[in-house]
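Visitor: The structure follows.
The values are calculated or read from the model by the stated rules, or taken from the named source; none is laboratory data. What you see is a predicted model, and the numbers here were worked out from it, not measured in a lab. A quick note on method: Cβ atoms are made from the backbone with ideal geometry, for glycine too, and the neighbour counts reach across all protein chains shown.
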Amino acid sequence: MLILSFESSCDETSAAVCEFGSPAAADGTSTTAFVPRIRSNIIASQIETHRLYGGVVPEIASRAHCDAICKITEEALEVAGVGLGDIDTVAVTNTPGLVGALLVGVSFAKSLAYSRGLPLVPVNHIRGHVAANYYDHPDLVPPYLALVASGGHTSLIHVHSYTDFETIGRTRDDAIGEAFDKVGRVMGLPYPGGAEMDRLASLGNPDAVKFPSAAVVGDNLDFSFSGLKTAVINHLHNCEQKNEEYRREDIAASFTKTVVSSVLKKLDMAVKLTGLHDIAIAGGVAANSHLRAALSAYCERQGLRFCMPPLKLCGDNAAMIAAQGYHEYLAGVRADSSLNAIPND
Ligand code: KG4
Ligand code: ZN
């Protein structure tokens, strides 16, 4: 089955053509293996535009999606070596995200599905991030525990089945990526600062400054990144007021160490609570090298299986939407022309 998918929830316009199903075995008999394959995954990033404003400007994002969507769809089909006539299903992110941005992808996908008489499958962006894991780990089968760490979300999710997600922990304020970006901004890094913070952290002393944990105290699986973010920003302002020099590398390393240990603390609680043995991470911050290394080491120590998407599938992209779209399709999820964008899931 070939799925043409769209993602436009924030500042990346993306279209992908992905193939799913059971290929024929060498002897001609069909196998039951689930073999997802990305035939194309085109991403038009708006980051350079939004960088001028230090963050995503929703109105500009919607207009940029409008400008890009036809072109990237043509490109996705061309790179995949297929035409619209070869597509079996259309999948699109319809929640959560910026409403005007989502509407561009939703309207485009609706029109396309309607004009070609194709099934239309709505996909939740967060579920899509998690499903990005299936390309490299097709044998990652629910139930498992997922940590979604992105610019807009931080959640611990008990994935009961491919289409049954239970959020068991979440941030009570800022998202993890938002905290990386805000601390980066105060240190003068261009938006979004997450990737550069990662690089700087590798060059700094993680024990230079002690910051407060982002793991909410008590018998819960929640995070609070706002207090940690404010503590780092206050520390930087204090240094400036006292004319004390600080190394950005040390701040990045100390902040990252605190973020990673906070995540590990709640993840460990979630593992003990659920008894799950398979762990997957997802979202833009899943690209963080320190988080990847720490979670991988933790899972190895505990005898747990650890899955993470390749770096190019951590950020927003349409291939992840196709992967989740496939499972939603199998579960019978369909949308008609009344499909709308839902900003909060
Ligand atoms: O998943 P994503 O592309 O968009 C949302 O759905 O939010 O995540 C973007 C976030 C940004 O905050 C960005 O700074 C962060 O992911 N990010 C990173 C790294 N690469 C991207 N944060 C920390 N370390 C990284 N290497
Ligand atoms: Zn995302």
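Visitor: Starting from residues that are in contact with a Ser or Thr (Cβ under 9 Å, 6 or more places away or on another chain), assigned to a helix (DSSP H, G or I) and of a type outside the set (Gly, Ala, Ser), keep the ones in the stretch 257-296 and report whichever is nearest to ligand 2 (Cβ to nearest atom). Walk me through how you get there before you give the answer.
Guide: At the first step, the residues of the stretch 257-296 found to be in contact with a Ser or Thr (Cβ under 9 Å, 6 or more places away or on another chain) are 258, 261-263, 265, 282-286, 288-291, 294.
Applying the additional criterion that residues be assigned to a helix (DSSP H, G or I) yields 258, 261-263, 265, 284-286, 289-291, 294.
Now restrict to residues that are of a type outside the set (Gly, Ala, Ser): 258, 263, 265, 285, 290-291.
Working: Thr258: 23, Val263: 17, Lys265: 24, Val285: 10, His290: 20, Leu291: 16 Å.
The qualifying residue nearest to ligand 2 (Cβ to nearest atom) is Val285.
Visitor: Restricting the search to the stretch 273-315, which residues are away from ligand 1 (no atom under 16 Å from the Cβ) and of a type in the set (A, V, I, L, M, F, W, C)? Even if it seems obvious, please write down each step before you answer.
Guide: Our first condition is that a residue be away from ligand 1 (no atom under 16 Å from the Cβ); within the stretch 273-315, this holds for 273-279, 297-307.
Selection gives Leu273, Leu276, Ile279, Ala297, Cys299, Leu304, Phe306, Cys307.
Visitor: Please go through the stretch 297-324 and pick out each residue that is farther than 22 Å from Asn124 by Cβ and either within 14 Å of ligand 2 (Cβ to nearest atom) or assigned to a helix (DSSP H, G or I) (or both).
Guide: Residues of the stretch 297-324 that are farther than 22 Å from Asn124 by Cβ, as a first pass: 297-306, 311.
Within the stretch 297-324, Ala297, Tyr298, Cys299, Glu300, Arg301, Gln302, Leu311 qualify.
Visitor: Scanning the stretch 89-134 for residues that are within 16 Å of ligand 1 (Cβ to nearest atom) and over 28 Å from Arg63 (Cβ atoms), which turns out surrounded by the fewest Cβ atoms within 10 Å (Cβ to Cβ)?
Guide: Asn133
Visitor: Can you find, within the stretch 197-227, the residue that is surrounded by the fewest Cβ atoms within 10 Å (Cβ to Cβ) among those that are farther than 13 Å from Ala253 by Cβ and within 16 Å of ligand 1 (Cβ to nearest atom)?
Guide: Looking only at the stretch 197-227, we keep the residues that are farther than 13 Å from Ala253 by Cβ, and these are 212-227.
If we keep only those that are within 16 Å of ligand 1 (Cβ to nearest atom) too, we end up with 214, 223, 225-226.
Details: Ala214: 30, Phe223: 29, Phe225: 24, Ser226: 16.
Here the residue is Ser226.
Visitor: Turning to a different aspect of this structure: So which residues in the stretch 218-272 are under 23 Å from the mean Cα position of the chain (by Cα), among the hydroxyl-bearing types (Ser, Thr, Tyr) and under 18 Å from Asp207 (Cβ atoms)?
Guide: Thr256, Thr258, Ser261, Ser262
Visitor: While we're looking at this one, here's another question. Are there helices (runs of 4 or more DSSP H) fully within the stretch 170-248 with at least 2 residues that are within 16 Å of ligand 2 (Cβ to nearest atom), farther than 17 Å from Thr258 by Cβ and basic (Lys, Arg)? List them.
Guide: Numbers: elements: 176-186, 194-201, 225-241.
Correct list: empty, since no element meets the threshold.
Visitor: Tally time: how many residues in the stretch 135-158 are without any contact (Cβ under 8 Å) to a residue 60 or more places away in the chain and outside any loop (DSSP other than H, G, I, E, B)?
Guide: Total meeting the criteria: 2.
Visitor: Can you confirm whether the stretch 190-203 contains a residue that is over 26 Å from Asn238 (Cα atoms), more than 17 Å from the chain's Cα centre (by Cα) and aliphatic (A, V, I, L, M)?
Guide: Of all residues in the stretch 190-203, those over 26 Å from Asn238 (Cα atoms) come to none.
No, every residue in the stretch 190-203 fails to be over 26 Å from Asn238 (Cα atoms), more than 17 Å from the chain's Cα centre (by Cα) and aliphatic (A, V, I, L, M).
Visitor: Hey, any hits in the stretch 149-161 for a residue that's under 30 Å from Tyr326 (Cβ atoms) and surrounded by fewer than 17 Cβ atoms within 10 Å (Cβ to Cβ)?
Guide: Going residue by residue through the stretch 149-161, those that are under 30 Å from Tyr326 (Cβ atoms) are 149-161.
After this cut, where a residue has to be surrounded by fewer than 17 Cβ atoms within 10 Å (Cβ to Cβ) as well, the list is 160-161.
For the stretch 149-161, residues under 30 Å from Tyr326 (Cβ atoms) and surrounded by fewer than 17 Cβ atoms within 10 Å (Cβ to Cβ): present.
Visitor: Moving on to the next point. In this structure, is Asp67 surrounded by fewer than 22 Cβ atoms within 10 Å (Cβ to Cβ), at pLDDT 95 or above and acidic (Asp, Glu)?
Guide: Details: surrounded by fewer than 22 Cβ atoms within 10 Å (Cβ to Cβ): yes; at pLDDT 95 or above: yes; acidic (Asp, Glu): yes.
Considered against the rule, which asks whether it is surrounded by fewer than 22 Cβ atoms within 10 Å (Cβ to Cβ), at pLDDT 95 or above and acidic (Asp, Glu), Asp67 comes out as yes.
Visitor: Now, a different point. How do the pairs read when you match residues in the stretch 85-108 that are in contact (Cβ under 8 Å) with a residue 12 or more places away in the chain and closer than 16 Å to Asn41 by Cβ with residues anywhere that are crowded, with 20+ Cβ neighbours inside 10 Å and among the charged types (D, E, K, R), using Cβ under 8 Å and keeping only pairs 6 or more apart or on different chains?
Guide: From residues that are in contact (Cβ under 8 Å) with a residue 12 or more places away in the chain and closer than 16 Å to Asn41 by Cβ, the pairs are Ala91/Glu328; Val92/Glu7; Val92/Lys110; Thr93/Glu7; Gly105/Glu7.
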